[in-house]
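Single-structure report; data block below.
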Amino acid sequence: EAEVAQSPRYKITEKSQAVAFWCDPISGHATLYWYRQILGQGPELLVQFQDESVVDDSQLPKDRFSAERLKGVDSTLKIQPAELGDSAMYLCASSSPAAGAYEQYFGPGTRLTVT
Amino acid sequence: ILNVEQSPQSLHVQEGDSTNFTCSFPSSNFYALHWYRWETAKSPKALFVMTLNGDEKKKGRISATLNTKEGYSYLYIKGSQPEDSATYLCASNFGNEKLTFGTGTRLTIIP
């Protein structure tokens, strides 16, 4: 079964440092999502791509976060500089219209700890 | 603000017992309701997607129901097993692709 890949799985960084996460969606999935899950809360959408274009980044803190999907396949989410409040699980998901009902397939996530 | 709420937040169940938990959501603009199971250190995996009022879905010992008029869904697990220990997330689409998630129910099965 095809899966969404993410790396690294765990990342510890000091505040004010830069950090980057990578996601490789299921092959052929045009839509890619980045979510952030803070402990005790549900995942919250940060950014949604359709191919290489951003569809929704209304919840992305643009002063420090950036996301790109240059060739419409894999994607990178960057935080610079990291703050203590950025400690969270960062999930990537992908979907295809063929899946129906907007079903999304998730990767295992990157657990970020900012010290 | 569209809130999806889940209860309880956590649950401890003896192995072999049955259990259920709730997801509530605004009924206006409803499109679909998703249940995911998220085991520690793994990816969230889709259990069910439901769209129609009165929908009931079943996969082995796990089943779910949907009431879109009153805005709730129940997830049932019959005869809990240790491998059922996970966080169960529900999420809803409200007329667009964007999923709004609840905070999850963390289920622990006691052997």
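Table for the structure above
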quantity	calculated
Any hit, the stretch A:77-97, residues being in contact (Cβ under 8 Å) with a residue 24 or more places away in the chain, over 24 Å from residue B:90 (Cα atoms) and among the polar types (S, T, N, Q)	yes
Some residue of the stretch B:11-26 being under 30 Å from residue A:23 (Cα atoms), of a type outside the set (Phe, Trp, Tyr) and open to solvent by 20 Å² or more (accessible area, probe 1.4 Å)	no
In the stretch A:98-115, residue nearest to the chain's Cα centre (by Cα) [restricted to those that are of a type in the set (A, V, I, L, M, F, W, C) and under 22 Å from residue B:96 (Cβ atoms)]	A:106
Search result, residues across the stretch B:45-89 that are in a strand (DSSP E or B), among the basic types (Lys, Arg) and out of contact with any Lys or Arg (no Cβ under 7 Å at 6 or more places or on another chain)	B:57, B:58, B:59
Wholly enclosed strands (runs of 3 or more DSSP E) of the stretch A:63-115 bearing at least 3 residues among the hydrophobic types (A, V, I, L, M, F, W, C) and within 14 Å of chain B (Cβ to nearest Cβ)	A:88-95
All positions within the stretch A:1-48 that are aliphatic (A, V, I, L, M) and either out of contact with any strand residue (DSSP E or B) (no Cβ under 8 Å at 6 or more places or on another chain) or in a loop (DSSP other than H, G, I, E, B) (or both)	A:2, A:4, A:18, A:26, A:30, A:38, A:39
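The values are calculated or read from the model by the stated rules, or taken from the named source; none is laboratory data. Everything quoted here is computed from the prediction, not taken from an experiment. A quick note on method: Cβ atoms are made from the backbone with ideal geometry, for glycine too, and the neighbour counts reach across all protein chains shown. For the accessible areas, the whole protein counts, side chains as well, though only heavy atoms, and no ligand, DNA or RNA atoms are used. Shrake-Rupley method; radii C 1.70, N 1.55, O 1.52, S 1.80 Å.
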